[in-house]
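Visitor: Can you read through this structure? Questions will come right after.
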Amino acid sequence: MAEELVIQGSALGKQFGENVIAVEDANFTIPRGSFISLVGPSGCGKSTLLRLISGLIEKSGGDLLVRNAEVVGPRSDIGMMFQKAVLLDWRTSIENVLLPDEIRGTIDTDAKKRAWDHLQLVGLKDFEFSFPRQLSGGMQQRVALARLLQTGADIMLLDEPFGALDEFTRERLNDELLRIVEGPDITTIFVTHNIQEAIYLADQVFVMTPRPGRIAAQIEIDLPTPRNIDMTTTPEFNDYVQQVRDVLAGHLDGQPL
Amino acid sequence: MSDIGSDGVLAGVKELSPIQKLAMHGLVFLIIFGGWEVGARLGYVNELILPAPTSIAYRLYEMFFVTGSIYWHYIITMYEATMGFIIGVSIGMGLAITAAISPVFRRYWAPYAVVFNVTPGIAVTPFIIAWFGFGWSSKIALAALVCFFPPFINTLTGLLHIDKDATELFRSLGSTKKQFFWKCQIPSALPIIIAGLKLAMTGALIGTIVAQFFSASEGVGILMQRFAFRLNMDGSFAALIVMSLMGLSLFTLMEYMDYKVLYWRRHSRMEEVGSKRKRKWLAENGDFSA
Ligand SMILES: Nc1ncnc2c1ncn2[C@@H]1O[C@H](COP(=O)(O)OP(=O)(O)OP(=O)(O)O)[C@@H](O)[C@H]1O
Ligand SMILES: [Mg+2]
């Protein structure tokens with residue numbers, strides 16, 4: 001079966017003002033159902049690339065296709081999640097999850113039922129009517145994840161979604177995320193600073209390097225799925241970690257800090 | 001005030017039992033007012049400068065319960081302050097919303113509001129009296145003028161300082177500007193808007209009373225001045241206390257609004273509102289888990 005490509009970038013670039021080249025000459029194809037990790041040091045253009053794909057900002061050059069159509073603005077098949085949960089404090093969990101339907105005017109019993117189920121799916125049974133300030137940081141991100149699922153988007157752009165959480169919570173949420181997005185339908189791009197995490201989650205790791213922001217390497221991760229935490233100690237896993245390190249080090253050598 | 005981190009000025013006060021607290025309050029009250037009373041009665045304090053608390057209390061009693069002379073003044077003053085408040089707040093918030101929506105308006109018109117603010121509103125009183133006359137309208141106008149700025153600047157600040165991620169979230173969901181305004185901007189700005197309203201409330205009362213000092217035939221301000229001119233100090237002080245009572249009742253009203261509207265800033269209120277919404281949801285939709 002020929003792979004269906006959902007996202008294609010060629011010679012894609014984004015420049016801010018006169019001097020800041022946030023993304024330069026990005027060439028990539030992302031097949032449907034894959035999980036891509038985007039890893040690289042701070043300021044290398046990861047968020048910018050994500051926001052280009054989401055249609056929140058305009059490219060300055062090159063081509064960017066989603067489902068073979070030029071990206072011209074936000075689209076309903078793309079959903080986003082940020083480092084902060086970005087919940088509306090005055091709304092309960094379920095009301096926050098229903099926000100996408102409210103905005104699209106698609107609130108009905110079916111939407112409410114789905115919102116309810118999404119909250120159960122992310123492990124928030126009995127917290128449907130809690131307000132964000134009554135929830136821990138991890139639980140808030142779960143609400144944000146449920147809201148993302150509620151959009152029905154099958155392209156998920158996650159910008160360090162669990163980056164502000166403690167190690168334990170982050171590992172758990174990573175595993176739950178994998179469980180939710182596995183299968184041939186949902187395409188995920190996951191931004192992280194953490195090399196291990198990037199490899200553990202992904203089918204493919206894009207390594208980005210700064211000034212100008214470039215995709216320096218695209219590494220296929222050929223580890224068995226479903227992933228499990230024991231794999232992170234295998235020699236294969238460590239080879240991948242080393243490969244990513246080499247790409248970053250090779251680039252950073254001789255660069256002013 | 002929110003119970004989230006409300007320690008504030010009370011931090012470090014040792015917890016006492018309720019009875020001990022009551023006793024403490026009583027003791028402090030007694031020291032202040034007992035000392036004052038004794039001082040006045042023994043002639044250490046000239047009654048023409050500072051009348052004894054009991055004389056003031058008696059005068060208050062007379063105003064409220066014997067002659068009932070205070071009610072009309074009270075009502076008039078509250079009416080003027082409230083009308084001024086409503087007008088000032090409407091204009092202030094209206095301009096702020098316009099400025100938040102239109103960058104052009106913000107750039108070219110809003111600076112005048114700032115110039116306007118740094119001019120002490122009270123100093124405009126003579127003009128206000130000249131323009132609006134000696135009746136109610138000049139009091140209302142001054143009250144409106146004095147209380148216009150805090151709601152203006154607070155509303156504008158609140159509407160513009162929206163979390164960048166929230167903006168992107170709404171955009172990525174395909175939200176219209178109107179939806180974003182009502183579902184995100186307004187609720188996010190409510191806490192600071194309400195803080196502005198509290199300031200405006202105090203301002204409205206000050207504006208009204210100052211305008212009454214200048215020229216009025218009725219109102220607590222003019223009442224106080226009449227007493228003072230006649231060197232009737234207990235009467236003046238009684239009028240002052242009536243003003244405090246007004247301030248207190250208006251303040252309480254604002255605190256109540258704060259409590260009701262900003263439920264997501266208080267843990268106890270969140271529980272209350274959360275379970276209310278739960279009951280409503282279950283009544284409307286049934287339990288999806290069942
Ligand atoms: N709106 C903007 N205007 C001007 N410059 C910007 C803007 N957004 C990003 N940049 C610049 O573009 C570069 C890439 O930023 P970006 O946020 O994409 O990095 P990042 O890889 O996501 O970093 P981090 O890991 O810290 O989130 C940075 O130099 C940043 O300062
Ligand atoms: Mg970023």
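The values are calculated or read from the model by the stated rules, or taken from the named source; none is laboratory data. Treat the numbers as computed from the prediction; the structure is a model and nothing was measured. So basically every Cβ, Gly included, is an ideal-geometry build from the backbone, and we count neighbours across all protein chains shown. SASA here: full protein model, heavy atoms, side chains in, ligands and nucleic acids out. Shrake-Rupley method; radii C 1.70, N 1.55, O 1.52, S 1.80 Å.
Visitor: Using amide H atoms built in the peptide plane, which far-off residues or other-chain residues are under 5 Å from A:V6 H to H?
Guide: Excluding prolines and chain starts, which carry no amide H, the hits are A:I30, A:R32.
Visitor: Nearest 10 degrees, 0 to 90: what angle lies between the long axis of helix A:167-181 and the longest principal axis of chain A (Cα atoms)?
Guide: The answer is roughly 80 degrees.
Visitor: Please check: in the Gaussian network model of chain A (C-alpha springs, under 10 Å), which one of A:G123, A:G213, A:G105 has the largest mean-square fluctuation.
Guide: A:G105
Visitor: Could you provide, to the nearest whole Å², the per residue accessible area of the protein assembly as shown with probe 1.4 Å?
Guide: Working: 27510 Å² over 547 residues.
Ligands and nucleic acids excluded, the result is 50 Å² per residue.
Visitor: Okay, next question. Under 5 Å between amide H atoms, partner at least 5 residues away or on a different chain: which partners does A:G40 have, H built in plane at 1.01 Å?
Guide: Residues meeting the criterion, in which the H sits 1.01 Å from N, are A:T192, A:M208.
Visitor: By a straight-distance test (C-alpha under 17 Å), which aspartates and glutamates pair with B:K280 as possible cross-link partners, with residues fewer than eight away in the same chain excluded?
Guide: By straight Cα distance, B:K280 reaches A:E95, A:D108, A:D126, A:E128, B:E271, B:E272.
Visitor: For the protein assembly as shown, what D do you get in µm² per second when you plug the Kirkwood radius from alpha-carbon pairs into Stokes-Einstein at 10 °C and 1.306 mPa s? Working shown, then result.
Guide: Numbers: Rh = 28.5 Å.
Value of D from the Cα-based Kirkwood radius: 56 µm²/s.
Visitor: Within the protein assembly as shown, what percent of beta bridges assigned by DSSP are antiparallel, to the nearest 5?
Guide: Details: 21 of 39 bridges.
Looking only at bridges with both residues in the protein assembly as shown, the antiparallel portion is about 55 percent.
Visitor: Going down the table (B:K139/B:K198; A:K59/B:K177; B:K183/B:K260; A:K125/B:K14; A:K125/B:K198), which pairs top 29 Å between alpha carbons?
Guide: On the way: B:K139/B:K198 19 Å; A:K59/B:K177 23 Å; B:K183/B:K260 18 Å; A:K125/B:K14 40 Å; A:K125/B:K198 40 Å.
Table pairs above 29 Å Cα-Cα are A:K125/B:K14; A:K125/B:K198.
Visitor: Which residue, chosen from A:I107, A:N174, A:S76, occupies the Cα position most advanced towards the positive end of the dipole of chain A, where the dipole is computed from +1 (Lys, Arg) and -1 (Asp, Glu) charges on Cβ about the Cα centre?
Guide: Working it through, the farthest residue towards the positive pole turns out to be A:I107.
Visitor: Then there's this: Determine the dipole magnitude for the protein assembly as shown: charges of +1 sit on the beta-carbon of Lys and Arg, -1 on that of Asp and Glu, nothing else is charged, the reference point is the Cα centre, and the result goes in debye to the nearest 20. Each step should come with its number before you reach the end.
Guide: Numbers: 48 positive and 55 negative charges, 482 e Å.
Once rounded to the nearest 20, the dipole reads 2320 debye.
Visitor: Once neighbouring chains are kept in place and the probe is 1.4 Å, which whole percent of the accessible area of chain B is contributed by carbon and sulfur? Provide the component values of the computation, followed by the final result.
Guide: On the way: 11600 of 16410 Å².
Using a 1.4 Å probe with all protein chains present, chain B comes out at 71 percent carbon and sulfur.
Visitor: Moving on. Pairwise over distinct Cα atoms, reciprocal of the mean inverse distance: report the Kirkwood radius of region A:115-168 in Å, one decimal place.
Guide: Result for region A:115-168, one decimal place: 11.8 Å.
Visitor: A follow-up question, please. Given contacts defined as C-alpha pairs under 8 Å and at least six residues apart, what's the relative contact order of chain A, whole-number percent?
Guide: On the way: 481 pairs, mean separation 65.4, N = 257.
Dividing the mean separation by the residue count of chain A yields 25 percent.
Visitor: Considering every Cα-Cα pair within region B:174-247, what fraction, in whole percent, is farther apart than 16 Å?
Guide: 63
Visitor: Summarise the partner chain shielding of B:174-183 as one whole number: the mean count of Cβ atoms from other chains within 10 Å of each residue's Cβ. Don't jump to the answer; show the numbers that get you there.
Guide: Working: counts 8, 6, 1, 0, 0, 5, 1, 0, 0, 6.
Per-residue shielding by partner chains comes out at 3.
Visitor: Also: Residue by residue through B:146-157, how many Cβ atoms from other chains fall within 10 Å of the Cβ on average?
Guide: Shielding by partners across B:146-157 averages 0.
Visitor: For every other residue with a beta carbon closer than 12 angstrom to the beta carbon of A:D203, add +1 if it is Lys or Arg and -1 if Asp or Glu, then tell me the sum.
Guide: Working: positive: A:R32, A:R227; negative: A:E3, A:E182, A:E220, A:D222.
Residues near A:D203 contribute -2 overall.
Visitor: Quick one: pull the percent of accessible area on chain A belonging to carbon and sulfur, 1.4 Å probe, ligands and nucleic acids left out. Don't skip to the answer; put the middle values down first.
Guide: Working: 5530 of 11100 Å².
Here it works out to 50 percent.
Visitor: On to the next question. I need the phi-derived Karplus couplings for region B:32-39: 6.51 cos²θ - 1.76 cosθ + 1.60, θ = phi - 60°, integer Hz, Gly and Pro marked x.
Guide: Per-residue couplings from phi come out as 5, 7, x, x, 4, 4, 4, x Hz.
Visitor: Next up: Looking only at other chains, what is the average number of their beta-carbon atoms within 10 angstrom of each beta-carbon in B:73-80?
Guide: On the way: counts 0, 0, 0, 0, 0, 0, 0, 0.
Other-chain Cβ atoms within 10 Å of each residue's Cβ, averaged: 0.
Visitor: Give me the Kirkwood hydrodynamic radius of region B:20-63 in Å, from all C-alpha pairs, to one decimal place?
Guide: On the way: mean 1/r = 0.0886 Å⁻¹.
Hydrodynamic radius (Kirkwood, Cα pairs) of region B:20-63 is 11.3 Å.
Visitor: Summing Lys, Arg as +1 and Asp, Glu as -1, what charge do residues with Cβ under 10 Å from the Cβ of B:I209 carry, B:I209 excluded? Write out the running numbers ahead of the final one.
Guide: Details: positive: B:K139; negative: B:E80.
Counting the neighbours of B:I209, the net charge comes to 0.
Visitor: Then there is this: Just to be sure I understand: if I project the alpha-carbon convex hull of chain B onto a plane and average over all orientations, what area do I get in nm²?
Guide: Working: hull surface 93.6 nm².
For chain B, averaging the hull's shadow over all directions gives 23.4 nm².
Visitor: Any idea what the alpha-carbon Rg over 2.2 N^0.38 Å comes to for region B:35-124?
Guide: Values: Rg = 23.1 Å, N = 90, 2.2 N^0.38 = 12.2 Å.
My calculation over the Cα atoms of region B:35-124 gives 1.90.
Visitor: In addition: Roughly speaking, what % of Cα-Cα pairs in chain A are separated by over 33 Å, rounded to a whole number?
Guide: On the way: 6673 of 32896 pairs.
Beyond 33 Å sits 20 percent of the P(r) for chain A.
Visitor: GNM on chain A, C-alpha springs below 10 Å: top fluctuator among A:E176, A:E24, A:E197?
Guide: Result: A:E176 has the largest fluctuation of those listed.
Visitor: How much accessible area is lost when chains B and A come together, counting both sides, with a 1.4 Å probe, in Å² rounded to the nearest 100?
Guide: Values: alone 17970 and 12690 Å², together 27510 Å².
Chains B and A together bury roughly 3100 Å² of accessible area.
Visitor: Compare each residue of region A:129-160 in its chain alone against the assembly with all protein chains, and report those whose accessible area goes down by 20 Å² or more; 1.4 Å probe, heavy atoms.
Guide: Residues passing the criterion (a loss of at least 20 Å², heavy atoms only) are A:F129, A:F131, A:R133, A:Q134, A:R147.
Visitor: Tabulate in residue order the Karplus-calculated ³J(HN,Hα) for region A:56-70, using 6.51 cos²θ - 1.76 cosθ + 1.60 with θ = phi - 60°, rounded to whole Hz; enter x for Gly and Pro.
Guide: 6, 10, 8, 5, 9, x, x, 10, 9, 10, 10, 6, 6, 10, 4
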